[in-house]
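Chemist: I am attaching a structure below and will ask some questions about it afterwards.
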Amino acid sequence: MVKSFQGVRVVEPKKSPLDQILVKDHMSTNLITFRPDDSIDQVLEVLTKKKISGAPVLDESGALVGIISEVDCLKEIIKGKYTNTPKFPGKVDEHMTKNVITMSPDLSLFDAAQKFLELKIRRFPVMKDGKLVGQISLSDIIRAFPKLKQTTW
């Protein structure tokens, strides 16, 4: 038995290169956001102009309160068809998803990909310390993997 004068050492487990591929390195940070009182007309115009399929909804204080997507907007479009209204004056807070599932910026991209598969959601807001810091979409995940080198795969 060999005794060491250094005492007990804790050996840190070696990190896999896969653990270093994180959401924060592939998320979008320059976000388009909406307010709960924005009209669906406004949302449709911005989504079309910016060529995006959804965005976070923030209240006056900047807190995340929901997500609005093209699918959510379809509810107002269908309502307009039945009422023969070519405009869509409905408000974001009437149609947005309110129970928002978020991700941490320090989550591995592989864990994020698994969440996309399990939950069948197209985008997740990325939150750190209760603050919205970005958004990661299914497209962001798909674009990230071809860029990975064989040594990090």
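Rule-based calculations on the coordinates, nothing more; no lab input. Because the structure is predicted, anything quoted here is derived from the model rather than measured. Using ideal geometry, Cβ is built from the backbone for each residue, glycine included, and neighbour counts are taken over all protein chains shown.
Chemist: What FRET efficiency, computed as 1/(1 + (r/R0)^6) with R0 = 25 Å and r the Cβ-Cβ distance, is obtained for GLU118 and GLN20, rounded to the nearest 0.05?
Modeler: Efficiency at R0 = 25 Å is approximately 0.65.
Chemist: In the P(r) worked out for segment 17-146, what percent of Cα pairs fall beyond 26 Å? The partial results should precede the final answer.
Modeler: Numbers: 2099 of 8385 pairs.
Counting every Cα pair in segment 17-146, those more than 26 Å apart make up 25 percent.
Chemist: Moving on to the next point. Straight-line reach from LYS128: which aspartates and glutamates have Cα under 16 Å away, leaving out those fewer than 8 places along the same chain?
Modeler: Excluding near neighbours in sequence, the set is ASP25, ASP106.
Chemist: Find how much the distance from LEU31 to ILE77 grows on full extension, using 0.36 nm per residue of separation minus their present alpha carbon separation; answer in nm with one decimal.
Modeler: Taking 0.36 nm per residue and subtracting the Cα distance, the gain is 14.1 nm.
Chemist: Test of understanding: ordering GLU76, GLU118, GLU70, GLU45 by Cβ neighbours within 10 Å, fewest first, what list do you get?
Modeler: Exposure proxy ranking, most exposed first: GLU118, GLU45, GLU70, GLU76.
Chemist: Looking at this model, which pairs from LYS91/LYS147; LYS49/LYS98; LYS24/LYS49 are more than 30 angstrom apart at the alpha-carbon? It would help to have the intermediate numbers written out before the result.
Modeler: On the way: LYS91/LYS147 40 Å; LYS49/LYS98 24 Å; LYS24/LYS49 26 Å.
Beyond 30 Å: LYS91/LYS147.
Chemist: Also, I was wondering about something else. Starting at the first residue of segment 99-109, write each ³J(HN,Hα) from the Karplus equation 6.51 cos²θ - 1.76 cosθ + 1.60 with θ = phi - 60°, in whole Hz, x for Gly and Pro.
Modeler: 8, 8, 9, 10, 10, 8, x, 8, 6, 5, 5
Chemist: May I pose another question? Pick out, from LEU107, HIS26, ILE68, the residue whose Cα sits farthest towards the positive end of the charge dipole of segment 17-146, with +1 on the Cβ of Lys and Arg and -1 on the Cβ of Asp and Glu.
Modeler: ILE68
Chemist: Could I ask something else about it? So how do PHE34, PHE116, PHE124 line up by other beta-carbon neighbours within 10 Å, fewest first?
Modeler: PHE116, PHE34, PHE124
Chemist: Please work out how much length the chain gains when fully extended from SER108 to ILE142, using 0.36 nm per residue of separation minus the C-alpha to C-alpha distance, in nm with one decimal.
Modeler: 10.9 nm
Chemist: If you rank SER61, SER139, SER108 by fewest surrounding Cβ atoms within 10 Å, what's the result?
Modeler: In increasing order of surrounding Cβ atoms, one gets SER61, SER139, SER108.
Chemist: Another question, then. Students often forget the sequence filter, so: which aspartates and glutamates lie under 19 Å Cα-Cα from LYS51 once same-chain residues fewer than 8 apart are removed?
Modeler: Candidates past the 8-residue exclusion: ASP38, ASP41, GLU70, ASP72, ASP140.
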